[in-house]
Amino acid sequence: MKKAIISKISEYNEQNVIVDGWTYNSRRSGKIGFLSLRDGFGIIQCIVEKQKIGDELFESFKRLHQESSISVIGKVVENSRAIGGYEILVEDFTIHQLTENYPITPKEHGTDFLMNHRHLWLRSKKQHSILKIRHQIVKAIRDFFDNNDFTLVDTPIFTPNAAEGTSTLFETNYFDSKAYLCQTGQLYGEASAMAFGRHYNFGPCFRAEKSKTRRHLTEFWMVEPEIAYADINDNMEWAERLIAYIVKQVLDNRMNELNVLGRDIDKIKNIMTPFPRVSYTECIEILNKSGNEIKWGEDFGSPEETYIANQFDKPVIVYGFPSEIKAFYMKRDPNNEKVVLGMDILAPEGYGEIIGGSEREVNINTLLDRIKEEKLNKSDYEWFLDLRRYGSVPHSGFGMGLERVVAWICGISHIRETIPFARTMNRINP
Ligand code: 4AD
Ligand code: MG
């Protein structure tokens, strides 16, 4: 007999199959039992009739509780009223383990309890849907870059460089010296862009974020393209095309999961290029008009980002930030030295900054000044400065935070549910 997975069950209509899984739910009404079977690919209703399977097996059925592991044998039949349109008429089943008192029940649990049981919580419908969408987004990102002639070049996690400022570094012993966990792969990406033209890296990044917000993790995933012979406008176009592609792929492939999450599809179905572009200076004016007293030169916090994003129904590209609040590698605007050719993309609905990027500084003296200003150790950046000595060209890139994109597309309020095992200021377990 054939083993089937629930997502492909329609291919087995009117056939007998084996499905390996776990009890999602079971109930009885007299001599008929209803078993919701979960196999990781989907959930299907199984009908267990005492008359058909015999007294002994029916008694075993009664002992199945939430998350008991079983293999079910039965016939697949169409039933328009069942979820998924099919059900299984059970003929036999094997119990692998009977489970009692599974900690996560259909009743409400507090978030702390659920996060402490994250290793089990992953089995629940909502978490399962979020991680399926995360998977789809990862695939869309990779397909987008692969289809556009980018080369995936992996960047190291141990590094001597503090590319994104010294306040969020995780420092670790490295034999007789010290190293940091990477905050970004960008500096290595710039080396790679000079070798491959179009580069991307995609992996975990680490920041000792001392803030407990809904948007910050200490370990998060970032995808970072870096493009030779590209200016800030090219960079914005790549970024908006990437986001539009991701949203379309999720809508085309993960509608069931979005529905499980109760996502308002109207809010994401029109995410098409071009995205609106506003300068930092225009944002300050918009904010001041609204009564917010932020001054030119100050960085946006989450209330400012949300207010700006709420003026638009698509992600918005903010450019022209003051150089003081941005990283050392961002190119100064030749027309106005006070600002950099950097851009952030803010997601709609208050999800905040999902992309940060810039055209890169290519003037070696400006870079040296900035390295000094930031009190960085020049010798750690010699290799990076070589990129400005040998065949330097205008180039640009950006980083997109995977978890923030997942949170926005799923409509999940807290970023901790968008990564399998979240690491935050006060959590490293499980
Ligand atoms: O804006 P950031 O700091 O940019 C960089 O690291 C650049 N080196 C990227 C580049 O140009 N190659 O971070 C990029 C994105 C943010 O927009 C945000 O989406 C995400 O990474 N991010 C975080 N996500 C979750 N938790 C955190 N603590 C994050 N910090 C940044
Ligand atoms: Mg940023």
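Please find, among Ile409, Ile371, the residue that is at pLDDT 95 or above, under 32 Å from the mean Cα position of the chain (by Cα), more than 16 Å from ligand 2 (Cβ to nearest atom) and assigned to a helix (DSSP H, G or I).
So the residue among Ile409, Ile371 that is at pLDDT 95 or above, under 32 Å from the mean Cα position of the chain (by Cα), more than 16 Å from ligand 2 (Cβ to nearest atom) and assigned to a helix (DSSP H, G or I) is Ile409.
Taking the condition of a type outside the set (Phe, Trp, Tyr), within 10 Å of ligand 1 (Cβ to nearest atom) and more than 26 Å from Ser302 (Cβ to Cβ), does Glu237 pass?
Judged against the criteria, Glu237 is not a match.
In the range 348-361, how many residues are in a strand (DSSP E or B) and more than 9 Å from ligand 1 (Cβ to nearest atom)?
So the count comes out to 1.
Which condition number does Phe328 fail, the rest of (1) in contact with an Asp or Glu (Cβ under 8 Å, 6 or more places away or on another chain); (2) surrounded by fewer than 14 Cβ atoms within 10 Å (Cβ to Cβ); (3) of a type in the set (Phe, Trp, Tyr) being met?
(2)
Take the residues in the range 322-347 that are in a strand (DSSP E or B) and within 28 Å of the chain's Cα centre (by Cα), then tell me which one is nearest to ligand 2 (Cβ to nearest atom).
My answer is Asp344.
Output the residues belonging to the range 280-320 that are outside any helix (DSSP H, G or I), of a type in the set (S, T, N, Q) and touching a residue at least 24 places away in the same chain (Cβ under 8 Å). Working first, answer last.
Applying the first criterion (outside any helix (DSSP H, G or I)) to the range 280-320 yields 290-301, 310-320.
Narrowing the set further to residues that are of a type in the set (S, T, N, Q) leaves 290, 292, 310-311.
Of everything in the range 280-320, those that are outside any helix (DSSP H, G or I), of a type in the set (S, T, N, Q) and touching a residue at least 24 places away in the same chain (Cβ under 8 Å) turn out to be Asn310, Gln311.
Among the residues of the range 27-51, write down those that are outside any strand (DSSP E or B) and either touching a Leu at 6+ places or on another chain (Cβ under 7 Å) or closer than 16 Å to Ser10 by Cα (or both).
Selection gives Asp39, Phe41, Gly42.
I'm checking my understanding of the structure. Among residues of the range 136-147 that are within 17 Å of Arg198 (Cα to Cα), surrounded by 15 or more Cβ atoms within 10 Å (Cβ to Cβ) and not β-branched (Val, Ile, Thr), which one is nearest to ligand 1 (Cβ to nearest atom)?
Once the filter is applied, the top-ranked residue is Phe145.
With (1) modelled with pLDDT of 95 or more; (2) surrounded by fewer than 18 Cβ atoms within 10 Å (Cβ to Cβ); (3) more than 30 Å from the chain's Cα centre (by Cα) as the list, and Asp299 as the residue in question, which single condition is left unmet?
Evaluating Asp299 over (1) modelled with pLDDT of 95 or more; (2) surrounded by fewer than 18 Cβ atoms within 10 Å (Cβ to Cβ); (3) more than 30 Å from the chain's Cα centre (by Cα) leaves (3) as the failure.
Among the residues of the range 331-348, are any farther than 25 Å from Leu242 by Cα, in contact (Cβ under 8 Å) with a residue 40 or more places away in the chain and of a type in the set (A, V, I, L, M)?
yes
Looking at Glu226, is it farther than 27 Å from Thr424 by Cα, within 16 Å of ligand 1 (Cβ to nearest atom) and touching a strand residue (DSSP E or B) at 6+ places or on another chain (Cβ under 8 Å)?
Against the criterion (farther than 27 Å from Thr424 by Cα, within 16 Å of ligand 1 (Cβ to nearest atom) and touching a strand residue (DSSP E or B) at 6+ places or on another chain (Cβ under 8 Å)), Glu226 qualifies.
Could you tell me how many of the residues in the range 64-81 are within 34 Å of the chain's Cα centre (by Cα) and of a type in the set (Val, Ile, Thr)?
Total meeting the criteria: 1.
Mind listing just one residue for me: the one in the range 260-280 that is hydroxyl-bearing (Ser, Thr, Tyr) and over 15 Å from Ile246 (Cβ atoms) and, of those, surrounded by the most Cβ atoms within 10 Å (Cβ to Cβ)?
Tyr280
Taking the condition of being of a type in the set (S, T, N, Q), within 13 Å of ligand 1 (Cβ to nearest atom) and either closer than 20 Å to Leu385 by Cα or outside the structural domain of Met330 (by TED's automatic domain parsing) (or both), how many residues in the range 160-192 meet it?
Taking the range 160-192 and keeping what is of a type in the set (S, T, N, Q), we get 161, 166-168, 172-173, 177, 183-184, 186, 192.
Okay, now just the ones that are also within 13 Å of ligand 1 (Cβ to nearest atom), so 161, 167-168, 183-184, 186, 192.
Filter once more, so that each one left must be either closer than 20 Å to Leu385 by Cα or outside the structural domain of Met330 (by TED's automatic domain parsing) (or both): 161, 183-184, 186, 192.
So the count comes out to 5.
The values are calculated or read from the model by the stated rules, or taken from the named source; none is laboratory data. None of these values were measured; they are calculated from a predicted model. For neighbour counting, all protein chains shown are included, and Cβ atoms are generated from backbone atoms with ideal geometry for every residue, glycine included.
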